[in-house]
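First comes the structure, then the notes that go with it.
The values are calculated or read from the model by the stated rules, or taken from the named source; none is laboratory data. Predicted, not measured: the structure shown is a model, and the values here were computed from it. Cβ placement follows ideal geometry from the backbone for every residue including glycine, while neighbour counts extend to all protein chains displayed. To get the accessible areas, we keep the full protein, side chains included, count just its heavy atoms, and leave off ligands, DNA and RNA. Shrake-Rupley method; radii C 1.70, N 1.55, O 1.52, S 1.80 Å.
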Amino acid sequence: MTIDPTLAQRLKRDADGLFAAIIQQHDTREVLMLGWMNDEALDRTLTSGRVTFWSRSRQEFWRKGDTSGHAQYVKSVHLDCDGDALLVTVDQVGAACHTGARSCFDEGGDLGAVVGQRPQS
């Protein structure tokens, strides 16, 4: 595996060996999508420079952009403080969402204000 063994040991995996990977555009910081990875998908991502996920529905690896042309080129990969998610910054080519939207969060809908939100001054 390409990842430092000390960091790999900190990764918290679910019962299926998966962990969340948040994908963010490197220059605008726009959150594009969330996908799932296992150790092999992370290794493929780090060695190829293109984001590879594990499809929970199809039970197979998929590299973003291989069929759509909307590739994600890796700029950096960071482990969060709890070890339960990765932040992958990318240079996104085309749409990130399978619906054709730039971001998977574009068409999901706004859930409104957060309860207990700090008032603006």
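If you roll a 1.4 angstrom probe over the protein chains with everything in place, what fraction of the accessible area of segment 14-105 belongs to carbon and sulfur, to the nearest %? Write out the running numbers ahead of the final one.
Numbers: 2300 of 4670 Å².
On segment 14-105, the fraction of accessible area on carbon and sulfur atoms equals 49 percent.
With every protein chain kept in place and ligands, DNA and RNA left out, what is the accessible area per residue of segment 15-77? Probe 1.4 Å, answer in Å².
Values: 3270 Å² over 63 residues.
Accessible surface, normalised per residue, equals 52 Å².
Given bins 10 angstrom wide, list per bin the percent of all Cα-Cα distances in the chain, short to long.
Here the calculated profile for the chain is 13, 42, 31, 12, 3.
In nm, what is the difference between 0.36 nm times the number of residues separating ASP91 and ARG13 and their Cα-Cα distance?
Details: separation 78, 0.36 × 78 = 28.08 nm, distance 2.62 nm.
Here the segment from ASP91 to ARG13 would lengthen by 25.5 nm.
Just report the Cα centroid separation between segment 1-73 and segment 81-106, whole Å.
The two parts, judged by their Cα centres, are 10 Å apart.
Using Cα atoms only, what is the angle between the long axis of helix 39-48 and the major principal axis of the chain, expressed in degrees (0 to 90) to the nearest 10?
90 degrees
Could you work out how much longer the chain between ASP43 and ALA20 gets when fully extended? Use 0.36 nm per residue separation minus the Cα distance between them, nm to one decimal. Spell out each step's value before the answer.
Details: separation 23, 0.36 × 23 = 8.28 nm, distance 1.45 nm.
Length gained between ASP43 and ALA20: 6.8 nm.
Does a label point 7 Å from the Cα of CYS81, set along Cα-to-beta-carbon, have any residues of segment 1-21 with amide nitrogen under 18 Å, and which are they?
10-12
How large is the helix-only mean residue ellipticity at 222 nm for the chain, computed as the sum of -39500 (n - 2.57) over DSSP H runs with n ≥ 4, divided by its residue count, in deg cm²/dmol to the nearest 500?
Details: 2 runs with 16 residues, N = 121.
Calculated mean residue ellipticity at 222 nm is -3500 deg cm²/dmol.
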